[in-house]
1. Residues of segment 92-136 being among the acidic types (Asp, Glu) and touching a residue at least 40 places away in the same chain (Cβ under 8 Å), which ones?
2. Mind listing just one residue for me: the one in segment 184-216 that is assigned to a strand (DSSP E or B) and of a type in the set (S, T, N, Q) and, of those, surrounded by the most Cβ atoms within 10 Å (Cβ to Cβ)?
3. Do we have any residue at all in segment 260-275 that's of a type outside the set (Ser, Thr, Tyr) and within 30 Å of Glu75 (Cα to Cα)?
4. Do we have any residue at all in segment 170-183 that's assigned to a helix (DSSP H, G or I) and crowded, with 17+ Cβ neighbours inside 10 Å?
5. Out of segment 41-72, which residues are in a strand (DSSP E or B) and touching a Pro at 6+ places or on another chain (Cβ under 9 Å)?
6. Do we find that Gly226 is part of a strand (DSSP E or B), closer than 23 Å to Leu67 by Cβ and open to solvent by 10 Å² or more (accessible area, probe 1.4 Å) in this structure?
7. Condition first: surrounded by fewer than 16 Cβ atoms within 10 Å (Cβ to Cβ) and either touching a residue at least 60 places away in the same chain (Cβ under 8 Å) or touching a helix residue (DSSP H, G or I) at 6+ places or on another chain (Cβ under 6 Å) (or both). Now tell me which residues in segment 229-250 satisfy that.
8. Of everything in segment 256-305 that's part of a helix (DSSP H, G or I) and acidic (Asp, Glu), which residue is most open to solvent (accessible area, probe 1.4 Å)?
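The values are calculated or read from the model by the stated rules, or taken from the named source; none is laboratory data. Everything quoted here is computed from the prediction, not taken from an experiment. As a convention, Cβ positions derive from the backbone with ideal geometry for all residues, glycine included, and neighbour counts pool all protein chains shown. For the accessible areas, the whole protein counts, side chains as well, though only heavy atoms, and no ligand, DNA or RNA atoms are used. Shrake-Rupley method; radii C 1.70, N 1.55, O 1.52, S 1.80 Å.
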Amino acid sequence: MTKNNRKITSITLTSIIAAALLTTFAVVTVEQIEAVENDKPKKYTVNIISSEVTDVYYSGDTKVQRLKVTIEANELPTFEELVEANQNYYDWLETNFGDAGSDKVEELKAKLKTTVENRPNVMTVNMVRIGEHSILFGDESYDSPMGNALDPVNMVFYEDATTSQTDTVIDTYATNNWGGDSVSPQQYVLINNVPHGGTLDWVESDHQQYTGNIVGQREHIRLFGGDFDTHGVYDDWSVGTAHQETWNWGCLCHQIDSWETAESDLTDDLDGQTGVGSIGTYNQGNSGYWQGEYNDGTASLIELT
C-alpha cells in the first residue's frame, strides 16, 4: 500500500469512527434545541412594586397565605403574538363553522386588540401561597397578561407534576375518557418563582384536558406550570382551572355551568389511579363569582407520584 493510500484509508477509518461516535452519543442539533425551547410555555415577566399579606390561616394541615401584589409589566406579548397563541382555536372555528366561524374569529381578534390597547402597565392582583415559604401563584386566570380575569384556580398538582406529566396522568389514567384539547382560547396565570430563584411571570397554559363533547357539554381544565419548589415541599408543581361548560350555538362559544362539578369529577376520576398519591382539599379563600358562576373557594390538592 502506498503512503497516499494509507493516508486515505486512515482518513476514511477516522471518519467512520467519528460517525459511529456521533451516532452512539446522539448529538443534539441546534434545531432540536430550538424545538425544545419552542415547546416550553411562554412566560412574560413582571416586576413586584409591593406585596401585602392580607390573611394567614390553616386549612386542615395546609398553611395558606393570601396576598395583594401590585405588579408592573416588564415584558408583554404583542397583539400579533396573542393571535398566534390562539391560532389553533381560530382555525378550528373557521374549519368547522365556515363564514360564521370566520366572523367569530374577527370578533375575537377585535376584542383582543381592544384589550391590548387598553391594558394597564400596573395592576394589583390576588395571590395565594400554599405551605411555609413554598409555592405562590395568582388565584385566577386571565385572557392575556395584564388583561381580563376569567377563571378561578381550583386545582393544585404537586411532587411529579409538571404540566406535561400532569397532562399524561390525566390522559392515561383518569377514568371517564379524559383526553387532550388543543382548540380552546389561551389563558394565563401569574406564577411567582422568586422564592425559588426565578421570576414572577404570566405563564401561558401549555396543556389542556377535557371529557365530554366540545360542541355540547364538557368538563375542561387548563394547566399552568410552576417551577421546582426548592424548599422540598411540593417539588414539581402546576395549577389548573377546572370547569364544566356548554357550547352555545348562538355565540359560537362555551358558557360556564359550574366551577365545582369538573373539579370534583376530575378529582374522583384520578382517585386511586396509577401515578396518583394523596388527595386533599384546602380553603383557598377565593370564593366569589367568575363569569356569572359561583366558586366556593375550595381547591383540590393532588399528589402525583
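1. Let us first name the residues in segment 92-136 that are among the acidic types (Asp, Glu), namely 94, 99, 103, 106-107, 117, 132.
If the condition is that a residue be among the acidic types (Asp, Glu) and touching a residue at least 40 places away in the same chain (Cβ under 8 Å), then Glu132 is the only one that fits.
2. Narrowing segment 184-216 to residues assigned to a strand (DSSP E or B): 188-192, 200-204, 207-212.
Pick out the ones that are also of a type in the set (S, T, N, Q) and you get 192, 208-209, 211.
Working: Asn192: 24, Gln208: 22, Gln209: 22, Thr211: 20.
Checked segment 184-216; the qualifying residue surrounded by the most Cβ atoms within 10 Å (Cβ to Cβ) is Asn192.
3. First, the residues of segment 260-275 that are of a type outside the set (Ser, Thr, Tyr): 260, 262-263, 265-266, 268-273, 275.
Filter again for within 30 Å of Glu75 (Cα to Cα), leaving none.
Scanning segment 260-275 turns up no residue that is of a type outside the set (Ser, Thr, Tyr) and within 30 Å of Glu75 (Cα to Cα).
4. To start, the set of residues in segment 170-183 that are assigned to a helix (DSSP H, G or I) comprises 170-173.
From what's left, crowded, with 17+ Cβ neighbours inside 10 Å: 170.
Yes, that holds for at least one residue.
5. Restricting attention to segment 41-72, the residues satisfying the condition of being in a strand (DSSP E or B) are 43-59, 62-72.
Answer for segment 41-72, where residues must be in a strand (DSSP E or B) and touching a Pro at 6+ places or on another chain (Cβ under 9 Å): Tyr44, Val46.
6. On the way: part of a strand (DSSP E or B): yes; closer than 23 Å to Leu67 by Cβ: yes; open to solvent by 10 Å² or more (accessible area, probe 1.4 Å): yes.
Considered against the rule, which asks whether it is part of a strand (DSSP E or B), closer than 23 Å to Leu67 by Cβ and open to solvent by 10 Å² or more (accessible area, probe 1.4 Å), Gly226 comes out as yes.
7. Thr230, His231, Val233
8. Going residue by residue through segment 256-305, those that are part of a helix (DSSP H, G or I) are 260-270.
Now restrict to residues that are acidic (Asp, Glu): 260, 263, 265, 268-269.
Numbers: Glu260: 47, Glu263: 12, Asp265: 52, Asp268: 95, Asp269: 13 Å².
Out of the qualifying residues, it is Asp268.
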